[in-house]
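Comments concern the structure below.
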Amino acid sequence: MSAELPDWYVLKDPGDITLDVTTWYKFAETRLERFLAEDDWIINRPSWMSNDDWVSTISEEIGGHLLLRLAVSTDPRLSSWLVEVEGDLFEFRFISSNKSEERIHVLKDLYGKNNVKTTEEINELFNINLNREFNLADSVYRSSKYTKSKQKYGSKVKTLDTRLAVRFHKIPKVVGAKKALLYKGWGIVRLADIRLAVKREFEKQLKDVIEKSKVLIEKDENLEVTVKPITDRISKIARSTRYSGDFKNLGFADGDAIHTKPDIFPPCIQELVATLQAKGHLSHVENWQLGTFLKRIGMSVEDQLRFWYSNSIDNVGMSYEEFVQRVGYQINHIYGKTGGGVDYDPPSCKTCINGYYCYWAHKKLEDINEDIKVKMSQRNSEVIDKAIEEISRLIINQRYQSACARYFTLLTGWKVRGFQINHMLKYSQDAYKRFYKKKETTTNNSKTSDKQKKV
Amino acid sequence: MEKKLTPEIISAYYEKKFPIERFMSFIGLSNFKNREFGFVVGDKNRFVRNISFQNTEKMLEFMVKNSVKDAYVGAVFDTPPSKEHPIQKIKWNYREFIYDIDIDEYDLVRTCGCKGAQYCKECWSLIQDAAVFIDQTMREDFGFNDIIWIFSGRRGVHGWVRDPIIQKFDKNERVAILDYLTFIHDEKRSQSIDEIPNEAKPLRNRIYALTAKSYLEKVTPKKLHEFGISVNKANDIIKQVRNSVDFDHTRYNILIPNDSAFRKKLSSEIVLHRYPRIDRKVTMDTNRVSRMPFSIHGKTGQIAIEIKDIKNFYPDSAPTVWESLM
């Protein structure tokens with residue numbers, strides 16, 4: 001199987017690679033630089049390149065990738081970053097490859113070899129002609145739908161319209177969104193409709209192998225020391241590339257205790273706070289998500305230590321001082337006061353969807369609908385029902401950031417530029433503008449009118 | 001006079017008439033001792049679960065001795081469920097995929113006057129249509145073969161899909177099947193609906209062939225006229241549908257042109273009024289217990305029999321415990 005997989009596919013078994021440490025660093029550095037520069041990546045061997053050069057290019061890529069895997073394995077934030085950039089690169093190559101057999105082999109590797117077939121194989125298996133049975137040949141290329149994709153993929157629009165067959169339970173989201181033609185347990189899908197699911201599966205499997213490589217680092221101190229320079233380098237890069245916008249200057253009024261205004265928290269943070277208060281604990285990445293958010297909206301280290309002490313069950317029978325001593329280092333780490341001294345930002349929405357907590361991606365649809373109804377019980381029920389319906393559709397179509405934007409509009413009456421929320425801090429920044437800056441104005445006005453009345 | 005379901009009657013049924021072999025062929029012989037059961041017992045109708053049995057004799061002995069009013073069967077775990085080992089603390093192994101269709105789910109769109117658990121020939125046809133639609137979808141679209149329908153004993157039917165692969169499905173995989181079949185997303189299910197999809201062609205074609213046919217056979221010309229066509233045209237459509245012996249999506253497409261505003265409104269109405277309404281929570285929850293096939297319904301005394309011909313099944317034809325003991 002591996003022999004048929006394309007060389008660029010980083011989940012492929014690399015076989016034996018022998019490298020000296022200096023070369024290994026160089027490869028990893030090069031890969032990092034290329035991610036940063038959003039470089040053009042080669043998919044197939046160009047006609048002008050010799051076979052030897054091609055082999056060394058690929059070895060460089062795979063070697064670099066393997067070191068990056070090891071380097072991020074002990075830090076979930078760095079691991080999320082790598083999964084994200086490798087996922088983007090995988091998606092680009094998967095779609096751009098002009099060899100359809102390559103795509104099929106990659107899919108077979110990701111979903112299992114018995115779970116993927118070509119439409120021709122399905123025709124043969126069931127003695128049917130799918131095109132004739134379901135008028136598929138009449139379908140025109142949906143170029144208008146892919147206007148944006150066209151800019152990104154150019155002539156690949158035709159490729160995006162290619163159909164293939166995947167066992168339906170391997171692509172549950174695509175099936176649930178009714179984007180697959182189901183036939184006897186097989187989802188006949190366009191590449192365009194499956195590419196996101198394929199990318200997610202790749203990211204999931206990459207995350208798993210990174211998790212496994214953590215054991216190697218934990219067992220071997222020398223290896224940990226070897227990868228440390230690369231870990232530090234990624235840490236810096238991840239920090240500088242992952243977050244757009246200046247989240248240290250959110251425009252909150254001086255002295256305004258934003259953390260006491262939960263109505264401007266995005267749904268993910270509201271949910272994490274509620275879960276923490278109800279259960280007394282969160283997962284490691286959720287702790288990180290909530291902690292970095294609270295930091296960036298202005299909560300001091302001391303306030304946050306108090307917040308976690310009063311809400312988590314870890315502290316039963318523990319004095320505050322003991323708590324600070326035992327658990328406080330995590331909070332201090334978030335503030336850059338321990339560890340590498342990095343002043344961390346909260347993860348982006350995309351990262352939350354893939355590895356942290358996103359209210360829209362991870363909570364049950366029924367419960368979301370119920371939450372909105374309860375929260376908006378005073379509002380016009382027709383408006384709420386319509387919004388719930390729209391939000392449900394967006395969630396079903398996996399457009400979680402747009403669902404969040406639609407919810408924001410329902411809550412505030414303000415439209416979101418680009419119709420998607422990209423970062424939890426941006427949500428809070430805008431909610432603050434809507435609810436508190438306006439209130440300040442209103443309060444000032446009402447003070448004026450009071451004075452006028454008195455006069 | 002209404003008959004009383006006494007403990008003696010219940011015990012007599014489980015001792016003499018309960019078809020244990022059929023029940024066992026239903027849930028399968030393997031791992032019986034690791035399967036969860038639940039029962040309603042005693043004067044206070046206490047619901048007990050986390051119960052398992054070494055063998056079928058022990059199960060029947062329990063049911064006879066406690067005169068269980070309602071009996072339920074749940075999932076299979078890696079160890080026998082018990083008070084000491086409740087299902088939350090043991091590893092889940094597998095569970096049949098179960099549909100629950102109840103007539104009261106249609107209360108908002110029933111026009112016959114029935115409410116709640118009441119039903120008549122007119123509204124029960126909604127249950128028949130739903131079961132036929134789901135049965136066909138599970139076989140043709142999802143490729144499952146082992147599907148059995150059971151009367152719930154009161155106001156609905158349960159569809160058990162028993163193919164080995166589906167029994168292992170986790171919640172996400174079960175939800176995918178439900179989402180594929182779901183068009184209305186709010187709880188009351190009275191809102192406008194998802195558009196009938198273009199890509200999921202077999203599902204779309206089935207809606208036109210089964211659901212639309214059923215709707216158009218029963219609708220009044222006046223109602224169709226409200227959607228923007230003349231009464232004459234409405235009469236013509238209804239007549240053609242009623243006279244058609246092999247109505248399918250092609251016929252529907254000829255009758256109702258694709259680009260008309262009428263078609264859009266009609267599609268919405270068809271799904272809203274006649275499309276299957278599934279209790280999603282029952283299907284999604286892999287730990288839920290379901291009425292035991294061939295058991296007695298504690299409120300009606302009817303037996304939860306296997307339905308051979310779902311298209312023509314009507315609850316009155318299911319025997320009661322009193323009839324069974326005669």
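Within the stretch B:233-286, take every residue that is under 15 Å from B:T220 (Cβ atoms), among the charged types (D, E, K, R) and crowded, with 17+ Cβ neighbours inside 10 Å and give me the one that is farthest from the other protein chains (Cβ to nearest Cβ).
In this case the residue turns out to be B:R274.
Let's see how each residue does on (1) β-branched (V, I, T); (2) not in a loop (DSSP other than H, G, I, E, B):
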| position | (1), (2) |
| --- | --- |
| B:I9 | yes, yes |
| B:Y13 | no, yes |
| B:K16 | no, yes |
| B:S30 | no, no |
| B:K33 | no, yes |
| B:G38 | no, yes |
| B:R49 | no, yes |
| B:Q54 | no, no |
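Do any helices (runs of 4 or more DSSP H) entirely within the stretch B:242-314 hold 1 or more residues that are modelled with pLDDT of 90 or more and under 24 Å from B:Y119 (Cβ atoms), and if so, which?
On the way: elements: B:249-255, B:261-274, B:280-284.
Hits in the stretch B:242-314: B:261-274, B:280-284.
Assess whether B:K201 counts as being closer than 30 Å to A:G187 by Cβ and of a type in the set (K, R). I'd like the intermediate steps shown before the answer.
Numbers: closer than 30 Å to A:G187 by Cβ: yes; of a type in the set (K, R): yes.
Yes: the conditions hold for B:K201.
Within the bounds of the stretch B:171-193, is there any residue that is under 26 Å from A:V166 (Cα atoms) and outside any helix (DSSP H, G or I)? Give the derivation first.
Within the stretch B:171-193, the first condition is being under 26 Å from A:V166 (Cα atoms), and the residues that meet it are B:171-183.
So of that shortlist, the ones also outside any helix (DSSP H, G or I) come out as B:182-183.
Yes, there is a match, as at least one residue in the stretch B:171-193 is under 26 Å from A:V166 (Cα atoms) and outside any helix (DSSP H, G or I).
What is the residue count in the stretch A:57-102 for residues that are among the β-branched types (V, I, T) and more than 15 Å from A:R31 (Cα to Cα)? Spell out the reasoning first.
At the first step, the residues of the stretch A:57-102 found to be among the β-branched types (V, I, T) are A:57-58, A:62, A:72, A:74, A:83, A:85, A:95.
Going one step further and asking which of them are more than 15 Å from A:R31 (Cα to Cα), we end up with A:74, A:95.
Residues flagged as among the β-branched types (V, I, T) and more than 15 Å from A:R31 (Cα to Cα) within the stretch A:57-102 amount to 2.
Kindly indicate the residue of the stretch A:84-102 that is farther than 11 Å from A:I42 by Cα and among the polar types (S, T, N, Q) and also modelled with the lowest pLDDT among those meeting that condition. Steps first, answer last, please.
Of the residues in the stretch A:84-102, the ones farther than 11 Å from A:I42 by Cα are A:84-88, A:90-91, A:94-95, A:98-102.
Next, from what is left, pick out any that are among the polar types (S, T, N, Q): A:98, A:100.
Working: A:N98: 78, A:S100: 84.
Among those that are farther than 11 Å from A:I42 by Cα and among the polar types (S, T, N, Q), it is A:N98.
Please specify each residue of the stretch B:79-133 satisfying the condition of being of a type in the set (F, W, Y), more than 19 Å from B:K213 (Cα to Cα) and not in a loop (DSSP other than H, G, I, E, B). Don't jump to the end; show me each part of the working.
Start the filter on the stretch B:79-133 by keeping residues that are of a type in the set (F, W, Y), which leaves B:92, B:94, B:97, B:99, B:106, B:119, B:124, B:133.
This time we only want the ones that are more than 19 Å from B:K213 (Cα to Cα), so: B:92, B:94, B:97, B:99, B:119.
Within the stretch B:79-133, B:W92, B:Y94, B:F97, B:Y99 qualify.
For A:S139, all conditions in the list (1) within 11 Å of another protein chain (Cβ to nearest Cβ); (2) out of contact with any Phe, Trp or Tyr (no Cβ under 9 Å at 6 or more places or on another chain); (3) at pLDDT 55 or above hold save one; what is the number of the exception?
All conditions pass for A:S139, except number (3).
Tell me whether the stretch A:284-298 contains one or more residues that are part of a loop (DSSP other than H, G, I, E, B), out of contact with any helix residue (DSSP H, G or I) (no Cβ under 6 Å at 6 or more places or on another chain) and either over 25 Å from A:M376 (Cα atoms) or among the hydroxyl-bearing types (S, T, Y) (or both). Can you show your working first?
The initial filter retains those residues of the stretch A:284-298 that are part of a loop (DSSP other than H, G, I, E, B), namely A:297-298.
Of the ones still in play, those that are also out of contact with any helix residue (DSSP H, G or I) (no Cβ under 6 Å at 6 or more places or on another chain) are none.
No: the stretch A:284-298 contains no residue that is part of a loop (DSSP other than H, G, I, E, B), out of contact with any helix residue (DSSP H, G or I) (no Cβ under 6 Å at 6 or more places or on another chain) and either over 25 Å from A:M376 (Cα atoms) or among the hydroxyl-bearing types (S, T, Y) (or both).
Looking at (1) more than 19 Å from the chain's Cα centre (by Cα); (2) assigned to a helix (DSSP H, G or I); (3) at pLDDT below 90, can you tell me which one A:S235 breaks?
Every condition holds for A:S235 apart from (1).
Do you know which residues across the stretch A:408-455 are modelled with pLDDT of 70 or more and of a type in the set (S, T, N, Q)? Break it down into steps so the answer makes sense when it comes.
Start the filter on the stretch A:408-455 by keeping residues that are modelled with pLDDT of 70 or more, which leaves A:408-437.
Those that are modelled with pLDDT of 70 or more and of a type in the set (S, T, N, Q): A:T409, A:T412, A:Q420, A:N422, A:S428, A:Q429.
Identify the single condition in (1) crowded, with 17+ Cβ neighbours inside 10 Å; (2) without any contact (Cβ under 8 Å) to a residue 40 or more places away in the chain that B:E96 does not satisfy, given that it satisfies every other one.
(2)
Check the stretch B:186-201 and report whether any residue there is away from chain A (no Cβ under 14 Å), over 21 Å from B:V132 (Cβ atoms) and at pLDDT below 95. Talk me through it step by step, then tell me what you get.
To start, the set of residues in the stretch B:186-201 that are away from chain A (no Cβ under 14 Å) comprises none.
The answer is no, given that none of the residues of the stretch B:186-201 is away from chain A (no Cβ under 14 Å), over 21 Å from B:V132 (Cβ atoms) and at pLDDT below 95.
Counting residues that are closer than 30 Å to A:N287 by Cα and touching a helix residue (DSSP H, G or I) at 6+ places or on another chain (Cβ under 9 Å), which helices (runs of 4 or more DSSP H) fully inside the stretch A:16-119 reach at least 3? Give the derivation first.
Details: elements: A:21-36, A:51-72, A:76-96, A:100-111.
Correct list: A:21-36, A:51-72, A:76-96.
The values are calculated or read from the model by the stated rules, or taken from the named source; none is laboratory data. Because the structure is predicted, anything quoted here is derived from the model rather than measured. FYI the Cβ positions are ideal-geometry reconstructions off the backbone, even for glycines, and counts take in every protein chain you see.
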